Structure formats: C-alpha cells, structure tokens
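Since every read-out is calculated from the coordinates, none of them should be taken as a lab result. Predicted, not measured: the structure shown is a model, and the values here were computed from it. So basically every Cβ, Gly included, is an ideal-geometry build from the backbone, and we count neighbours across all protein chains shown.
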Amino acid sequence: MMEWAKESLEKLEASRLTRLNQPAPRPDESDAILKQYHPDYLGHERTLEVGPNAGEEKFPLELAQLLEGDSPLEPDYVPKVEIETDVLIIGGGGAGATAALTLEGSGLSVHLATKLRLGDSNTVMAEGGIQSALADDDSPRRHFADALVGGHGDNDPDLLRILCEQGPESIRWLSQIGCLFDQNEDGRFRLRGGGGTSVPRVLACRDYTGLEIMRVLKDAVRLTGTHILEEHVAMELVDDGKGRVTGAILFDRNAGKTVCVSARAVIMATGGSGQIRLHGFPTSNHVGATGDGLVLAYRQGCRLIHLDSYQYHPSGACYPEALAGQLVTEAIRSIGAQVVNAQGVHFIDEMAYRDVLAGAIIKETAEGRGVKTPHGKVGVWLDTPMIDLKKGAGTLAHQFPGLIHRFERYNIDPAKKPILIYPTLHYQNGGIRVDAECKTDIAGLWACGEVTGGLHGKNRLMGNSLLDITVFGRRSAESVLSNIPERGAVTLNNLNRFRAERGKIESATVSPQFFPSASGMKLQPVAEEEKQETDSASSDFEPPNPFNF
Amino acid sequence: MTEKTVEIKISGKTIQAKAGETIVHALWAADMAESVKTGCAGGVCGACTVTLRYSDGRTGGTELACMKPVEAGMEIFPCPVAEDAPVLPVPNPELSTLQSAFPTLNRCTKCDSCTTACPMSIPVMDSVLRMQKGEFSAVAEDFTTCIHCGLCRFVCEDKVKPHNMGLWVRRSLGMSRDFPIVKTTAEQEAEQEWQYLLVEDREVRLQRARQFRSSGRIEP
C-alpha cells in the first residue's frame, strides 16, 4: 500500500523507535511561523465597502464578496406572512437544536428551519470531544486561561467566562438527555488533553463525540412540539420597518417556493463557512457550511468580528483523494501520534496550538520536506502506529473506530501505516458580534454557535465548539424567553436600505451562497403549473428493491 | 498523473466520473447533485443512502454515496430513508419497557439483512438478539458508531427498528448514569481568581492567563 511513498515510509519506520522516547521539538518561533505560513496572514483579504463594518477591519476575499452581494429576492418581492410563530430558529445543527430543546415547555411556539435535514451540520462531524473543567487540578478559571492564551488574548472575556463556568453543568445536561461520554473504570469521565490545554479536559465518545451529541439532540428535539422545517433555506430576514428583526423569508426546496415567516424572535444558528473554500483549501465542513447567517445578519445591520481569522485544522486527510480535507481528530495526536516529515523527522510538537501547527506543516511542505501523493497533493505523516506502541496493541482501533472505518475501505490500516495529512479549513473563528445574552446589534435577532464571533478569539481550542453550542444554544433560548418582544410588522426595510447602500458596488454577486460552488446546487423555483406536472410524473419511479441484487 | 475516467449510471442515466472520487463528488461534477440527498459529505449524517449494482456480477447493496468511490460500470439508485417517529427514552430501562416501546422487537426472523445493509459495519442483527435478552450495555456499545441512516429499518421485512432501539437503549442508559461529582472551589477563592484573570488591560490579562495556566492558581 502507498507504494508511491515507499522511500519516505521506510525513513519514517526507521526513525520510529528513536522518536518514541524523545521529547517533542518545541515550536520556538510561533509568531514567525504564523506570519509567514498561516493562511490568515497572507494578505488575501480586503475591507468592505458597505454595511456596518465598511472601511474597517479586513475580510477574506471570498467572504467579502458574499457580504457585499445582493439578495436573491426579486426587487418586486412583497412579503406576505404564511407562518406565524413566536420563535424562529434558523439552523438545524447543535446550537439550533439545543435552543429548541431549551424552549420546550415555555408555551411559546417554535419553528426550526434548516436547509438540509435536522442534524446535518458541523456538529455531527465533530470528532475529538468537548471541554469541561472536571479534573481534580482543573477549574473554569484554568479553562479560561488556556482558551484566552490559545485565542491570542482576543477572546471576549465575558463570553469566555460564561463558557468555562457553564462547562460542568453543560456536561450534566447532556448526560441527562442521554449522551454517553467515555468513562474510566472508576466511573469518572475519561479526560484527554487537547492542543493548548494545561490539564486533561476533553471528554469524548470515541472519535464520534459530535455524532453522539447530535443524534441525542435530534431525537430529543423530535420529541418536542418544535415545528421542524427541513429543506427550508433562509433567504433573507425581515424587519418591522423600524429596524427590529421580525422573521424570515425561507425557500422550501421541495415545493420550490418561498415561505414568509413572522416571528417575535429569531435565533440565528447557521454555523460556519468552510464550504466557501477560502484560498481554495479543502474543508472538513458539512455541505451547508456557506456562511449564510453572516450574510443575512450583516444586511440587517449586525456587526461582524474576527472574521479575518479562520481555523485550519492541522490534520486534514491528504490521501486517499476521496478523503481529502476530511478531519483526522486532534485526539489522535493527543494520545501519541507524532507529526513527521518526508525524511522521518519529528519536526514539531503535535500538541502546539492549532494555528501554529498548521503553519508549521505548511512550512514543511513549502520547503520541500513533504510527501507528494499521486494526485499532486503534498502532506506530512501522522504516525498513527505510534499509538499502539505507546498505549498497547488495539488502543487505536478501540478509541478511534471512525478513523479505522473510513480508511479501511482504501486498504489502509492506520494502526499499521501512518496517515498523510495537510491542514483543512475547519472553523470560522469570528462571526456575528453578540453580547453575553446572545443578542446581536439588532433587536429581535439572537445568535449562537459557530455563526457568532468573539468567544474563541483568533484561534479556538479543541473541544470548545461543542461546549459553545451547548452553553450558548441554551443561553440564547433563555434570553429569548426573558426578553421576547411582541409581534411586529413584516417588511423588507432593512434589506432595502442595504440594497440602496450597495448600489455603488459593481459586483453582480448574489448571496448567500447556500451550497458549495462545486456542487452546482441552487434554489430552484417551481412555477405552479410546472409543479402539478412534476407531481404526477414523479409517481412513475419505482425504487429497486435493495435485496434483489 | 492523468486521471482515469469511468462510466457510471445514476438512476439509469449514464455519466462520466473521475476514478477514485466518491459518488457524491461525481454527481456534483455531473451537475446532478440533487439526485441524492447530501448532508455532511463526511460519512456521519446518513443522508446520502443509495443502493448499488455492479456490472461484473459482484453483489451490490446499500452504501453511503459520500464514502463510496465510483467504479466503472457501477449503477447507483438513490435510496432516501424517511425519519421514523422517535420513542421517549426512560431511565433504568428494562426488557419489558423496550418491548412495549418497540412491539416489533421479537419479530426478527434472523435474516441478517440489517447487518448487510449497515454502512458502519455494526453487527445489527446480533445486537437485536442482544436486545431481546436485555443485554443493554452490549447493545449501547454496538450502536456507538450508528449514524442513523435508517437502512437497517428500511430493509427489515419484519418492521423491526434496530437503530431506533439502539438509540433508545443508549439514551436510556445515559440518563440513568450517576453524574460524577463535580468538585467546586470555595466561592470566595473562585471569585478572587476571576478578578485576577478578568483585569481590564488586554496585555496584562493575557500575561496573567499565561501564568495561571501553568499551575491553576494565582502565584504570589
């Protein structure tokens, strides 16, 4: 297997026993590596010409174009309310589902709209774990200190304090709704280290932590009175004519038409934007991660922060080609897999902060010490067989069934052979600015989860995003309960103001993007007469019996 | 290296695809993304269920389109599985509660279709037999990697609902667990530490955080 890398594999194997007991090389010039090699620092960015952030901080070019884009709504579109609800949650990932659960029993009607299906999200793809200060020598203050240093001091301290203080309680809540986190033999949760944690603090369910949390949340939400609108894309927000957000225009992908929703409160939980593929990077994100919430909120007048900062996860798969960009969890590095270059040299401590490690890997490949795949990609080795050497035979297979499962169909056994990795676009560090009550700058609009900015500063630690969606998903709902306004009028006033302002821009971009460009997917309106035809035609198709092979 | 092109069929329509890419990416390139539902494109959301046939006589079956690389002559049929209504989990579950929650539990005729259909290699039928015996810890372990694509339920002629039962068992066991006691620092001490860390000046704050994380306390 991997015959094309035979020479490099031999070097890696030859150095393995020597490397085993040698201390990890410390990154000595962290800032230099970042400034020279991290994609955030390469100047691929510009300021905006319209909206609340105009003329101030810079945004990645691809995102800037979307933020300045025009709405997909026709100029003569007139909103006519079809659904009335108290709370509209936009987004069906972990943050949105948590908010929906928290609103259950409040007496408020709740609609949750997602452009895919409930649970199709970055949450479900999270592997390594969730942080919470549960160890004897740990505390929420220590968690805070680790995250602040990791975020280069740019974290909003008030948001970060809430995150860390709510950690243990959030784990209790997740456990109560039925999440099974891995335990040690003594019945206490198994805690692992993560990049930048000063003590073990990461709980996990094998390497399927996000899947475990999301499937439980999804099941729990389906058992509530929440009205779930699947395959409903949020196209635009609406306002009361005086600036307050009062609902949204959705696009029902199955019916091929818009649906106007009037809501007393809107919670934006649309997640991240890895699928806009900054700098052409591969991504570990799900299909829907196109930053829609940023675009919609920006048009309403919300300020965005820290969006010059994205997280490139150091270990994205680089080979086989079909897995390119997919996540190889940091937890694998935390229990012993070393990062090794083409010459078999362990070139950096794999538990360095994510941005530093990503920069170091890019540097290694840029300077010719990477391994080239038959598809022309270049990466470095993640020496996974080291784990069983350090922790005993079978450890890798038991703790990381997801990794084994994904690679075995390509006849690669990560317990025997290393994996080739290269950084992958993983997390949107910045986002919509919110206060400690998850309120955005615009009344009527709350936000939680990856779509928000400030909490993680300019580099998020492993395990803080699953905690983020739990803590702030709940908090946004609680804040809505305490502050819900009366129902307001439904107009496109805010949008029209934005459109007037962007008149000076020549760009023909229509945004949000909704789907990855490579997919060719788009909103497809169906005219009424056309719809009847398709309805009668579709009944002819008989799916084959899967067992009649 | 030049990339080889192979011919595949999706719902009867022939398209060209790059050898080695996944079915989902082949459909994207052919502008047919909408023909198979896609959620994560990473093998964990369960949206992109399909059935496959091969032209060389090999046995086909069920797959996730986002994980399966294309091969020459492969025929692909979308196989979306509708959600099934969930059943409320209960703390301290017993066999009788599982049976009344899922009345079809004992209808399993041991045909093993569910195991064959599972894209995650879960021993589904064996686990259903374990459910019938009330071996819940083992069942929870079996379903650790379940992505809820629903294929096991979809192919079951006896209306058994393995993945719904697997999740019910897992959630029920989860909510029965004692939560390990959380140690709390004295409130006064904690507040002092917060005051120390939340100092107004950004640089001082960062410096104090650097110090604090090394020992977990304020160093004199």
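At a glance:
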item: ³J(HN,Hα) computed for each position of the stretch A:89-105 - Karplus, 6.51 cos²θ - 1.76 cosθ + 1.60, integer Hz, glycine/proline x; result: 9, 10, x, x, x, x, 5, x, 5, 5, 4, 4, 5, 5, 7, 4, x
item: Theoretical ellipticity at 222 nm over chain B - DSSP helices of four or more residues, -39500 (n - 2.57) apiece, nearest 500; result: -10000 deg cm²/dmol
item: For the stretch B:95-176: rounded, prolate or oblate by the Cα gyration tensor [a/c cutoff 1.5]; result: oblate
item: Relative contact order %, the stretch A:310-460, counting alpha carbon pairs below 8 Å whose residues are six or more apart; result: 29
item: Choice from B:Pro103, B:Pro119, B:Pro162 showing the highest fluctuation, given a GNM over chain B with Cα pairs closer than 10 Å; result: B:Pro103
item: Contact order relative to length of the stretch B:95-176, as percent, for alpha carbon pairs under 8 angstrom and 6 or more apart; result: 35
item: Residue-wise HN-Hα coupling along the stretch A:150-160, computed from phi with Karplus coefficients 6.51, -1.76, 1.60 (Hz; x: Gly, Pro); result: x, x, 6, x, 8, 5, 6, x, 5, 5, 5
item: Amide H within-cut-off set for A:Leu307, under 5 Å, with H built and near neighbours excluded; result: A:Gly431
item: Inter-label distance, nm, simple model (7 Å from Cα along the C-beta direction), B:Arg177/B:Glu83; result: 2.5
item: From phi via Karplus (6.51, -1.76, 1.60), per-residue ³J(HN,Hα) for the stretch A:512-521 in Hz, x at Gly/Pro; result: x, 7, 6, 9, x, 4, 4, 7, x, 6
item: Backbone N within the stretch A:4-47 under 19 Å of label point (7 Å from B:Ala19 Cα along the Cβ vector); result: A:4-5
item: Under 5 Å, built H, 5+ apart or other chain: amide partners of A:Val238; result: A:Thr246, A:Gly247, A:Ala248, A:Ile249
item: Segments A:390-396, A:288-294, A:232-238, B:68-74 sorted - mean Cβ within 10 Å per residue, highest first; result: A:288-294, A:232-238, B:68-74, A:390-396
item: Options A:Gly241, A:His313, A:Leu217, ranked by Cα towards positive dipole end of the stretch A:178-330, top entry (Cβ charges); result: A:Gly241
item: Degrees, to the nearest 10: A:354-366 long Cα axis against longest axis of chain A; result: 60
item: Inter-site label distance for A:Asn184 and B:Arg217 at 7 Å from Cα along Cβ, in nm; result: 2.1
item: Neighbouring partner chain Cβ atoms per residue of A:134-142, average, 10 Å criterion; result: 6
item: Computed P(r) (all Cα pairs; the stretch A:373-455; 10 Å bins; percent); result: 15, 28, 17, 20, 17, 2
item: In degrees, nearest ten, helix A:464-483 long axis to first principal axis of chain A (Cα); result: 20
item: Net lengthening on full extension, B:Tyr54/B:Asp126 (0.36 nm per residue, minus Cα-Cα); result: 23.1 nm
item: Those lysines that a straight Cα-Cα span of less than 21 Å connects to A:Lys504, excepting residues fewer than 8 apart in one chain; result: A:Lys58
item: Distance between modelled label sites at A:Leu389 and B:Val204, nm, 7 Å Cα→Cβ extension; result: 4.9
item: Global size of chain B as Cα Rg and Dmax, reported in angstrom; result: 25.3, 76
item: Mean projection area, nm², convex hull over Cα of the stretch B:5-78; result: 4.2
item: Nearest-ten-degree value, helix A:528-538 long axis tilted from longest Cα axis of chain A; result: 50
item: Of all DSSP beta bridges in the protein assembly as shown, antiparallel share, percent nearest 5; result: 70
item: Length-normalised contact order of chain A in % [C-alpha pairs under 8 Å, at least 6 apart]; result: 25
item: Euclidean distance of C-alpha centroids, the stretch A:328-401 and the stretch A:459-520, integer Å; result: 36
item: Shape category assigned to the protein assembly as shown from the gyration tensor of Cα positions, a/c cut at 1.5; result: rounded
